[in-house]
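Structure first, then comments.
Values in this text are rule-based calculations from the coordinates and carry no lab data. Note that the structure is predicted; figures quoted are calculated from it, not measured. Cβ: placed from backbone, ideal geometry, glycine included. Neighbour counts: every protein chain shown.
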Ligand SMILES: *[C@@H]1O[C@H](CO)[C@@H](O)[C@H](O)[C@H]1NC(C)=O
Ligand SMILES: *[C@@H]1O[C@H](CO)[C@@H](O)[C@H](O)[C@H]1NC(C)=O
């Protein structure tokens, strides 16, 4: 049973390994800005001409650290930078980027080879001077989707188990029936040997005396 459960878990894991990109926009409450942003661009504050190229029409411009938690196995960061900034994942430096125009918003950093778990991305100025300007747009992260097929697989396995159980029971019942028939046949024969004990024929029960291996 344990082996079968293990198989079910393995099949489930294999099927569930479907990833889709989810987004976190700069306006998401999930993001922590450690400094009050300079500018928050929306179509109404910055003009729809300049925000048309931004994800969902918004961006946040800051010189402070940006902290973004997410759950997944890959991350893609879209921003523009003036100066040099660092990208940390779970407290470890993963990338450095130098730019000259914070309006040049594009894919600035990505890390596709993460373990599928909780992560914390931090984006912060490389120097303590804090003269860097980051126009942060959004991130994408590869997020695991639960599979629609899990139900079908579990159903199939459970159905198969039930079928096997029924098959086993049927086989057992057939074997028992055959054994009982053999017993009664012997009973008949023994009954022939003891014609004065006709009950043996009716009961089909083996007498104890001639102990035989089945
Ligand atoms: C997520 O987006 C990145 C960047 O566009 C792309 O390279 C990657 O293949 C995408 N991943 C998935 C699972 O769609
Ligand atoms: C896009 O912006 C609207 C508000 O302008 C917000 O309600 C919505 O959640 C945003 N979508 C994403 C994907 O961030």
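Can you give the direction-averaged projected area of the convex hull of the alpha-carbon atoms in region 18-146, in nm²? Walk me through the numbers on the way to the answer.
Details: hull surface 31.0 nm².
Directional mean of the projected Cα hull area for region 18-146 stands at 7.7 nm².
Note on residue 93 and residue 178: the model spin-label points, each 7 Å out from Cα along the C-beta direction, lie 7.6 nm apart. Spin-label model, residue 165 to residue 129: label points 7 Å out along the Cα-to-beta-carbon direction sit 7.3 nm apart.
Report note on the peptides 165-172, 123-130: ranked by the mean count of other C-beta atoms within 10 Å, highest first, their order is 123-130, 165-172.
Could you order peptides 50-58, 91-99 by the average number of other Cβ atoms within 10 Å of their residues, highest first?
Details: 50-58: 16.0, 91-99: 12.7.
So the peptides 50-58, 91-99, ranked by packing, come out 50-58, 91-99.
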